[in-house]
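Asker: Take a look at the following structure, please.
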Amino acid sequence: MTSSQFTNLATNLAARIERRPITGAFIISRGAKTEAVTVVAELRRGGHTGRGECVPYPRYGETPEATLATLQAMQEPLRRGLDRLGLQTSMPAGAARNALDCALIDLEAKTAGRRAWDLLGRPAPQACTTAYTISLGTPEAMAEATAKAARRPLLKIKLGGDGDGMRIAAVRKAAPNSELIVDANEAWTPEIYTALAPQLAALGVELIEQPLPAGADAPLAGLARPVPVCADESCHDTASLAHIAGKYDAVNIKLDKTGGLTEALRLTAAAKAAGLGIMVGCMVATSLAMAPALLLAADARWVDLDGPLLLARDREHGLAYRGSSVQPAAPELWG
C-alpha cells in the first residue's frame, strides 16, 4: 500500500523544537555543543500518528526556528493531500523535509498495520554494530576518552588539523584492537592530508571522512588515497554523486542531508552502482532520528548511529543499545 492511497484523508501537522542535554560535550573542528536541538514533526490522520525527527545544521544555513517555520508552512499542502512522493519535489533536501518524509513513512506503516521496511520493499533490519564517537580534544584527553571506550569494536575519531598526528597516535595506543574511522569535518588542507594519510594507513585507520572543505576538495582527485576517503559534507543527495566522482571512495549518507529516507534509499542504490562504499551516519539526536536510518544498514560497510549514546537521556521507547550493537526499532518508536 502506498502513500497515495491515503490522500483522501486529511493530514494534520504538529511540529515542535526539542532540546536534550549531551553527556559532557560534543566537539568537532567547527565547535562544541552541550545540547542536542532537534525538530519533531507529528502527522495525524485517521486516528494514527506518524513521527519524524530532524537536526537543523548551521553548516547548511539551517536553524531550529527556521526549520520549524518551514514545517508549519507545509500544513495546508498536507491537508490537501500532499504525500511522500510529492514531498520530494515540493521541498528541497534538508532537515525539514527529513522530518516530514520520515513522519509520512511512519504514518503509512501505522495506517497499514505493517512495518516500514515491508512498505518500502526493504529487508527487515537486524542488529548491527555502530561506531562510537570520540570528540576532538588534546591527545591526552582523547586518549583518556578512548580508553573508556576501548572495548567498542568501531570508534569514530574527530580530528581538527594541527596536532592530528599526535591525536590519532594517542587514540590508537589507547584502543589497539578497535577499528578506527577519522573525521576531519573539512578541517584539513591538501598538505595536511598528504602528510597524515600514510600515517593513518600505518595505524590501521579504516576510513578518512571529509578531509578537505566541500568547496575545495578537487585536489583529492590527484592525491594518493592509501586509506579510503569518504564524502560527508560533499555529498547530500543523488545529484551530488556527479560532483564527487574520482575524489572519494565512499559516501556518508545522513537523512538530514538527503531530506529523508526516501531520497536516502535512492542515494544508496546510486552510490552502490557507482562503486562507492556506504556509510550510514547521523547527527546528535534521539532514537527517533536513528530508527529510519537503520533501514540503510544492510547496504552499509560502516554504521555510525550513536547519537542517543551521546545524550544524557533518550526519548521513550528508544532504541536498545547493547554495547555498540543497536537493535531494530520497536513500532512504538517508529515504523
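The values are calculated or read from the model by the stated rules, or taken from the named source; none is laboratory data. Predicted, not measured: the structure shown is a model, and the values here were computed from it. Note that we place each Cβ from the backbone using ideal geometry, even for glycine, and neighbour counts take in every protein chain shown. Note: areas computed on protein heavy atoms with side chains; ligands, DNA, RNA excluded. Shrake-Rupley method; radii C 1.70, N 1.55, O 1.52, S 1.80 Å.
Asker: Please work out if Arg152 is open to solvent by 30 Å² or more (accessible area, probe 1.4 Å), touching a Phe, Trp or Tyr at 6+ places or on another chain (Cβ under 7 Å) and farther than 17 Å from Gly31 by Cβ.
Answerer: Yes; evaluated as a whole, the condition is true for this residue.
Asker: Looking at the range 215-247, which of its residues are more than 18 Å from the chain's Cα centre (by Cα) and assigned to a loop (DSSP other than H, G, I, E, B)?
Answerer: Residues satisfying the conditions are Asp217, Leu223, Ala224, Arg225, Pro226, Val227, Pro228, Ala245, Gly246, Lys247.
Asker: Right, another one. Would you confirm whether any residue within the range 118-131 is open to solvent by 40 Å² or more (accessible area, probe 1.4 Å) and in contact with a strand residue (DSSP E or B) (Cβ under 8 Å, 6 or more places away or on another chain)?
Answerer: yes
Asker: Return the residue satisfying two criteria in turn: it lies in the range 263-287 and is open to solvent by less than 10 Å² (accessible area, probe 1.4 Å) and part of a helix (DSSP H, G or I), and of such residues it is nearest to Ile134 (Cα to Cα).
Answerer: Ser287
Asker: In this structure, is Lys254 under 23 Å from the mean Cα position of the chain (by Cα) and within 16 Å of Lys156 (Cα to Cα)?
Answerer: yes
Asker: Can I ask one more? If I go through the range 197-208 residue by residue, how many of them are part of a helix (DSSP H, G or I) and open to solvent by less than 50 Å² (accessible area, probe 1.4 Å)?
Answerer: Of the residues in the range 197-208, 3 are part of a helix (DSSP H, G or I) and open to solvent by less than 50 Å² (accessible area, probe 1.4 Å).
Asker: Pick out the one residue from Gly94, Gly161, Gly113 that is at pLDDT below 95, at positive phi and small (Gly, Ala, Ser).
Answerer: Result of the check over Gly94, Gly161, Gly113: Gly161.
Asker: Going residue by residue through the range 288-307, is there one that turns out to be touching a strand residue (DSSP E or B) at 6+ places or on another chain (Cβ under 7 Å), more than 24 Å from Arg59 (Cβ to Cβ) and not in a helix (DSSP H, G or I)?
Answerer: yes
Asker: I would also like to ask the following. Considering the range 219-250 alone, what residues qualify as being among the small types (Gly, Ala, Ser) and touching a residue at least 40 places away in the same chain (Cβ under 8 Å)?
Answerer: Within the range 219-250, Ala250 is the sole residue that qualifies.
Asker: Being free of Cβ contacts under 8 Å to residues at least 24 places away in the same chain, open to solvent by 40 Å² or more (accessible area, probe 1.4 Å) and of a type outside the set (A, V, I, L, M) narrows it down to one of Gly61, Gly86, so name that one.
Answerer: Gly61
Asker: Keeping to the range 209-233, report how many residues are surrounded by 15 or more Cβ atoms within 10 Å (Cβ to Cβ), hydrophobic (A, V, I, L, M, F, W, C) and closer than 18 Å to Ala245 by Cβ.
Answerer: Number of matching residues: 7.
Asker: If I filter the range 132-149 down to residues being over 30 Å from Ala269 (Cβ atoms) and touching a residue at least 60 places away in the same chain (Cβ under 8 Å), which single residue comes out as surrounded by the most Cβ atoms within 10 Å (Cβ to Cβ)?
Answerer: Leu136
Asker: Could you tell me which residue of the range 288-316 is farthest from the chain's Cα centre (by Cα), considering only residues that are open to solvent by 20 Å² or more (accessible area, probe 1.4 Å) and acidic (Asp, Glu)?
Answerer: Result: Glu316.
Asker: Kindly list, by first and then second residue, each pair from a residue in the range 314-327 that is under 16 Å from Leu296 (Cα atoms) and in contact (Cβ under 8 Å) with a residue 24 or more places away in the chain to a residue that is of a type in the set (S, T, N, Q) and surrounded by fewer than 19 Cβ atoms within 10 Å (Cβ to Cβ), limited to pairs with Cβ atoms under 7 Å and residues at least 6 apart or on different chains.
Answerer: Taking only residues 6 or more apart or on different chains, the pairs are Leu319/Gln327; Ser325/Thr129.
Asker: Let me ask another. Inside the range 249-262, can you point out the residues that are open to solvent by less than 10 Å² (accessible area, probe 1.4 Å) and either assigned to a loop (DSSP other than H, G, I, E, B) or modelled with pLDDT under 95 (or both)?
Answerer: Gly259, Gly260
Asker: Next question. Any residue that is part of a loop (DSSP other than H, G, I, E, B) and in contact with a strand residue (DSSP E or B) (Cβ under 7 Å, 6 or more places away or on another chain) - is there at least one of those in the range 167-177?
Answerer: Yes; the residues of the range 167-177 include at least one that is part of a loop (DSSP other than H, G, I, E, B) and in contact with a strand residue (DSSP E or B) (Cβ under 7 Å, 6 or more places away or on another chain).
Asker: Of all residues in the range 180-196, how many are on the phi > 0 side of the Ramachandran plot and among the acidic types (Asp, Glu)?
Answerer: Summing the residues that are on the phi > 0 side of the Ramachandran plot and among the acidic types (Asp, Glu) in the range 180-196 gives 1.
Asker: Quickly run through the range 166-178 and pick out the residues that are within 11 Å of Leu155 (Cβ to Cβ) and open to solvent by 70 Å² or more (accessible area, probe 1.4 Å).
Answerer: If the condition is that a residue be within 11 Å of Leu155 (Cβ to Cβ) and open to solvent by 70 Å² or more (accessible area, probe 1.4 Å), then Asn177 is the only one that fits.
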